[in-house]
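Data first, discussion second: the structure below is written as structure tokens.
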Amino acid sequence: MTDSAAPHTPHLPVLLDEILAALLPPGRRIERAIDGTLGAGGHSQALLAQGAQRVLSFDLDPQALALGRAALGEYGERSVIVHASYLHMRQHADALGWGEGVDALLLDLGMSSMQLDTAERGFAFMKDGALDMRFDPTSGDATAADLVNTWEAGELATLFYRYGEEPESRRLAHAIVAGRPYATTRHLAEVIEAAYPRQKRRTMHIHPATRVFQALRIEVNDELGTVERALPILLGLLRPGGRAAIISFHSLEDRLVKQAFKEASTEIISPPGMVLPDAKSAQVQLITRKPIIASAAEIARNPRSRSAKLRVVERL
């Protein structure tokens, strides 16, 4: 997750050098690559500039799509941009004739600086805007305002604890219900701040609304469910020798990625004379046994990278 209290920075691709080193080690060529989270186009542009023959990029955000198309226009047909979730990468890859798989696949999870910096998108409590939080505001799906205005206190408390790991989830949920209705981010943030225990507030290094806003955003966009469903598709799209790189920004995402990569890299062999029902070959090998994190220099120029973790696997 991006820290909403971070100072304004232009959108910079996170861990770019590390991504290129992982996906394009010496001697490796990329004919087909998928960037599941286009954003402003930085990662896709770098892959194309480094010689990837064709990159298929996805994003739900119309603002990101416009920026990405502008950034990648010079690459012509080598760049294919789709307004869709990366959950649908298999069918779009097949439509391009990529049934044999791809050489490189990248996901940069979470949200971008430009989403935080656009008040009307409703992601940031430091700016007043409509309480929306949808990655795709044209989708017609429920907004964060819909959730806080209609859910019961118990449902909100469970959400804040599960997806925000918020220790004051019950207290905040009851305060939010009492303060209805909500239309703006500032109103919600003020109610949360007022309800938070004063003694805890004094020692916090984040705004009291940070974890609640994270939980709402994850629920509105079904972020964890999308990651969980997409991981098997992603691994199945890699052809032998192909690599997948995933950047996560909070422990809930990273846990899903770590578990999926561990399971896919584990071989279960039946002992002599026995057939284990769960016997299987390893699908991938781990390129990173521990996640790669940003250098101090990158964090200094791009605070968003502070919480980024990169994990990489290679298809066997």
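Could you give me the ³J(HN,Hα) list for region 134-151, computed from phi with Karplus coefficients 6.51, -1.76, 1.60 and θ = phi - 60°, whole Hz, x at Gly and Pro?
Result, rounded to whole Hz: 7, 4, 10, x, 8, 6, x, 6, 4, 9, 4, 4, 4, 5, 6, 8, 10, 6.
Express the relative contact order of region 39-195 as a whole percentage, based on alpha carbon pairs under 8 Å and six or more residues apart in sequence.
Numbers: 188 pairs, mean separation 25.2, N = 157.
Once normalised by length, the contact order is 16 percent.
With the contact rule set at Cα under 8 Å and sequence spacing of 6 or more, what percent relative contact order holds for region 121-221? Display every interim value, and only then the final one.
Working: 148 pairs, mean separation 37.2, N = 101.
Rounded, it is 37 percent for region 121-221.
One quarter of the convex hull surface, Cα atoms only: what value does that give for region 242-282 in nm²?
Working: hull surface 15.5 nm².
It is 3.9 nm².
Any chance you could give the angle, 0 to 90 degrees and rounded to 10, that helix 153-164 forms with the longest Cα principal axis of the chain?
That works out to roughly 40 degrees.
Under a Cβ-only charge scheme (Lys and Arg +1, Asp and Glu -1), can you give me the dipole magnitude of the chain about the Cα centre, in debye to the nearest 20?
Numbers: 36 positive and 38 negative charges, 174 e Å.
Using Cβ point charges on Lys, Arg, Asp and Glu, the chain gives about 840 debye.
Lysine pairs in the chain with alpha-carbon atoms under 18 Å apart, 8 or more places apart or on different chains: how many are there?
Working: LYS258/LYS290; LYS258/LYS309; LYS262/LYS280; LYS262/LYS290; LYS262/LYS309; LYS290/LYS309.
Lysine pairs meeting both conditions in the chain amount to 6.
To the nearest 0.05, how large is the calculated FRET efficiency for ARG301 and ALA153 if R₀ is 45 Å and r is the Cβ-Cβ distance?
0.60
Output the 0 to 90 degree angle, nearest 10, between the alpha-carbon long axis of helix 169-178 and the longest principal axis computed from the alpha carbons of the chain.
Between helix and principal axis, roughly 50 degrees.
How much length, in nm to one decimal, is gained on full extension between ARG229 and HIS205, taken as 0.36 nm per residue of separation minus their Cα-Cα distance? Spell out each step's value before the answer.
Values: separation 24, 0.36 × 24 = 8.64 nm, distance 3.33 nm.
Length gained, ARG229 through HIS205: 5.3 nm.
If contacts are Cα pairs under 8 angstrom and at least 6 residues apart, what is the relative contact order of the chain in percent? Kindly include the intermediate steps, with their values, before the conclusion.
On the way: 558 pairs, mean separation 62.0, N = 316.
In percent, rounded to a whole number, it is 20.
Taking a virtual spin label 7 Å from the Cα of GLU31 along the C-beta vector, which residues in region 75-102 bring their backbone nitrogen under 13 Å of it?
97-102
I need two numbers for region 121-221: Rg to one decimal and Dmax as a whole number, Cα atoms only, in Å.
Rg and Dmax of region 121-221, Cα atoms, are 12.4, 41 Å.
For GLU31, which sequence-distant residues (separation of 5 or more, or a different chain) have an amide H within less than 5 Å of its own amide H, given hydrogens modelled in the peptide plane?
Residues meeting the amide H criterion: GLN53, ASP103.
With axes computed from alpha carbons, what is the tilt in degrees of helix 62-72 against the longest principal axis of the chain, rounded to the nearest 10 within 0 to 90?
Value to nearest ten degrees: 40.
Any number yet on Rg/Rh for the chain, C-alpha, Kirkwood? Don't skip to the answer; put the middle values down first.
Numbers: Rg = 20.7 Å, Rh = 20.7 Å.
With Rh from the inverse mean 1/r over Cα pairs, Rg/Rh is 1.00.
As a test of the formula, what do you get for the chain when each DSSP H run with n ≥ 4 contributes -39,500 (n - 2.57) and the sum is divided by the residue count, at 222 nm and rounded to the nearest 500 deg cm²/dmol? Intermediate values should be presented prior to the final figure.
Numbers: 14 runs with 132 residues, N = 316.
Using -39500 (n - 2.57) per qualifying helix, the result is -12000 deg cm²/dmol.
Calculate, in nm to one decimal, what GLN50 and GLU100 gain on full extension: separation in residues at 0.36 nm each, minus their alpha carbon distance. Working shown, then result.
Working: separation 50, 0.36 × 50 = 18.00 nm, distance 2.24 nm.
Here the segment from GLN50 to GLU100 would lengthen by 15.8 nm.
Apply the Karplus parameterisation 6.51 cos²θ - 1.76 cosθ + 1.60, with θ equal to phi minus 60°, to every residue of region 296-304 and state each ³J(HN,Hα) to the nearest whole Hz, in sequence, with x for glycine and proline.
Those phi angles translate into 4, 5, 5, 4, 5, 8, 9, x, 4 Hz.
Read the figures in this text as sums done on the coordinates, not as results from a lab. For clarity, every value in this text was computed on a predicted model and none was experimentally measured. So basically every Cβ, Gly included, is an ideal-geometry build from the backbone, and we count neighbours across all protein chains shown.
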